[in-house]
Amino acid sequence: MATYDITGSVKESGEGKPFTDAFYDGNGNPADGLEAIFPIFDYNEGDAWKPVGTGFFIAEHGLFATAKHVLVDAVSGAAREDLLAAHIIRRQQKFSIRRVINITLHPKADVAIGFLADEDKKHCASAAANKIFGLSAADPIVGDNIAAMAFPNATFQGSADEFMMEFKTLGVSGKIIEIYPHGRDQTLLPSKCFQSDMNIAGGASGGPVAFGAGHVFGINSTGYDGHPDINFISSVTDLLDLKTNPISLPDGTTLSSVAVRELISQPLTY
């Protein structure tokens, strides 16, 4: 795994420091989320990599969730093979560049899963356990307070050997305005989703959204042109029965195909 020193500061913005009023890690402890979420980049953009969204770990062996449109090729509709993630190791003030591999796209909802690989491993995961967020099968109701975390507009300059990367985390809060149990439309959000009044910046697609005791119920999906205080959140319940492609885990176990609900490290909350 290639590890690099962080240039500049990596810190939270918005209310909460860390954002412990909303998020808990997979072990039930208050979490700032900086080691459980990461920016995702298109690295075929020359020297300036293009941020395409945010992902977050849901299992210790490298399984992550994000919005489907972050990982899909807009022309072919297939999973992309040219994405990298910058995984922050905050306690060491370092980050590692990890490839996005083994992507599975939901056939309908704007949700997807994948794994982060280390450069010195051919399979799906780091030898070290990743910090995670627990998932919730329970839903908020209209008027409930919610909170989101993301890496909007992360920047990269340089080459694979010498470069500078700048991060800024975004922590925002808001309320549920409306719930669409059967989807908002047949194109962008055809499955269960939620409308909120959070102001989410570009590059935040795919970040986790939490409510109540802090477990993640949704994934940032899309905004509404001209209305910064309107955004839509896809339900994580669409992830639970999504089956992975064949994978090899760090302990040597080979899985031909398995549902997300069987892989997540933290039991679901209801």
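The values are calculated or read from the model by the stated rules, or taken from the named source; none is laboratory data. Everything numeric in this text was worked out from a predicted model, so none of it was measured. Glycine gets a Cβ as well: all are built from the backbone with ideal geometry, and neighbour counts include every protein chain shown. In case anyone asks, the SASA skips ligands and DNA or RNA and just uses the protein heavy atoms, side chains included. Shrake-Rupley method; radii C 1.70, N 1.55, O 1.52, S 1.80 Å.
So, in the stretch 98-130, exactly how many residues are crowded, with 21+ Cβ neighbours inside 10 Å, at pLDDT below 80 and in contact with a Phe, Trp or Tyr (Cβ under 9 Å, 6 or more places away or on another chain)?
Counting residues in the stretch 98-130 that are crowded, with 21+ Cβ neighbours inside 10 Å, at pLDDT below 80 and in contact with a Phe, Trp or Tyr (Cβ under 9 Å, 6 or more places away or on another chain) gives 3.
Kindly establish whether Leu83 is open to solvent by 40 Å² or more (accessible area, probe 1.4 Å), closer than 26 Å to Leu242 by Cα and either modelled with pLDDT of 90 or more or touching a Phe, Trp or Tyr at 6+ places or on another chain (Cβ under 7 Å) (or both).
No: the conditions fail for Leu83.
Those residues that are of a type in the set (Gly, Ala, Ser) and surrounded by fewer than 19 Cβ atoms within 10 Å (Cβ to Cβ), I need them from the stretch 175-213; list them, please.
Once the filter is applied, which keeps residues that are of a type in the set (Gly, Ala, Ser) and surrounded by fewer than 19 Cβ atoms within 10 Å (Cβ to Cβ), the stretch 175-213 yields Gly183, Ala201, Gly202, Gly212, Ala213.
When only residues in the stretch 214-230 that are out of contact with any Phe, Trp or Tyr (no Cβ under 7 Å at 6 or more places or on another chain) and open to solvent by less than 10 Å² (accessible area, probe 1.4 Å) count, which is modelled with the highest pLDDT?
Among those residues, the one meeting the criterion is Ile219.
Collect the residues in the stretch 231-270 that are part of a strand (DSSP E or B) and at pLDDT 85 or above, keeping them in residue-number order.
Within the stretch 231-270, Asn231, Phe232, Ile233, Ser234, Ser235, Lys243, Ala259 qualify.
When the residues of the stretch 16-73 are filtered to those that are touching a Lys or Arg at 6+ places or on another chain (Cβ under 6 Å) and either in a loop (DSSP other than H, G, I, E, B) or under 17 Å from Ala147 (Cα atoms) (or both), which remaining residue is modelled with the lowest pLDDT?
Restricting to residues being touching a Lys or Arg at 6+ places or on another chain (Cβ under 6 Å) and either in a loop (DSSP other than H, G, I, E, B) or under 17 Å from Ala147 (Cα atoms) (or both), the top hit is Asp25.
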